[in-house]
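The values are calculated or read from the model by the stated rules, or taken from the named source; none is laboratory data. Here the structure is a predicted model, which means the values were calculated and not measured. Glycine also receives a Cβ, built like all others from the backbone with ideal geometry; neighbour counts cover every protein chain displayed. Surface accessibility is based on the protein's heavy atoms, side chains included, excluding ligands, DNA and RNA. Shrake-Rupley method; radii C 1.70, N 1.55, O 1.52, S 1.80 Å.
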Amino acid sequence: MILVAMYVLFFMKTFSNPGETVIVPETIAHNLIENFNISRKSIIIDSRKVAGIAFNEENYYLCSDDGSLVSSVLNEEFFRLYPLFLEVKLEGLQLSEKGKEILSLLEPVLNSGLVSTVFFESKKVILIKGVTISFRDWRDFVNNFEMLKSQIDFLEPRSEYFLTESGILIKIRGD
């Protein structure tokens, strides 16, 4: 309730001066804002579902489930909520076509809450427990993910495993 009151007071104070006007350009330069009726009193909220945090050229971006970059990440709290996407290639404000394909394949896996980090190029995933899983094809990982979930308690933290196409885990290294 207090936040609503502060919000109303802020906007009333900001836009109540008749000498001040908000100028809205006819074309919006940002590609994330499309097909909206934008007026002087519009508040725009992007409702895209966040899939993870993409890292590229020393910057972190919230990445939506369709591969679009929603915003820059400045708050460390997001790193607790979403998996980190490394080795991504961007095309403008989106993942590359290959990255989008991988992201769409991984959607059910990312929603599980077990994935901490995804390495797009080297085909590796780090699970919340600190276990690194390598594989040859993204489909191998997705198809055998239910088996991985059932085995998570038996996997050693900070160990690395290779997942075969048939769902066999081979320990590569560990403590």
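All conditions but one from (1) modelled with pLDDT under 50; (2) part of a loop (DSSP other than H, G, I, E, B) apply to Val8; the one that does not is (2).
You will find that of Glu160, Glu77, Glu146, Glu107, the residue that is under 22 Å from Phe55 (Cα atoms) and free of Cβ contacts under 8 Å to residues at least 40 places away in the same chain is Glu77 and no other.
Residues in region 80-97 that are assigned to a helix (DSSP H, G or I) and over 10 Å from the mean Cα position of the chain (by Cα): Arg80, Glu97.
Report yes if Leu155 is within 18 Å of the chain's Cα centre (by Cα) and over 14 Å from Leu84 (Cα atoms), otherwise no. Walk me through it before giving the result.
Details: within 18 Å of the chain's Cα centre (by Cα): no; over 14 Å from Leu84 (Cα atoms): yes.
The answer is no for Leu155.
Please verify whether Ile45 is at pLDDT below 85, open to solvent by 100 Å² or more (accessible area, probe 1.4 Å) and either of a type in the set (Phe, Trp, Tyr) or on the phi < 0 side of the Ramachandran plot (or both), treating the condition exactly as stated.
yes
Each residue in region 120-159 was checked for being farther than 26 Å from Lys100 by Cα and either in contact with a Gly (Cβ under 6 Å, 6 or more places away or on another chain) or at pLDDT 95 or above (or both), and 4 pass.
Close Cβ contacts (under 6 Å, 6 or more residues apart or on different chains) running from residues in region 52-72 that are open to solvent by 50 Å² or more (accessible area, probe 1.4 Å) to residues that are at pLDDT below 90 and not in a strand (DSSP E or B) comprise Tyr60/Val73; Asp65/Lys49. Selection within region 49-79: residues that are under 14 Å from Leu110 (Cβ atoms) and either of a type in the set (Gly, Ala, Ser) or part of a loop (DSSP other than H, G, I, E, B) (or both). The member of this set that is nearest to the chain's Cα centre (by Cα) is Gly52. With respect to the conditions (1) without any contact (Cβ under 8 Å) to a residue 60 or more places away in the chain; (2) open to solvent by 20 Å² or more (accessible area, probe 1.4 Å); (3) in contact with a strand residue (DSSP E or B) (Cβ under 8 Å, 6 or more places away or on another chain), Glu91 lacks only one, and its number is (3).
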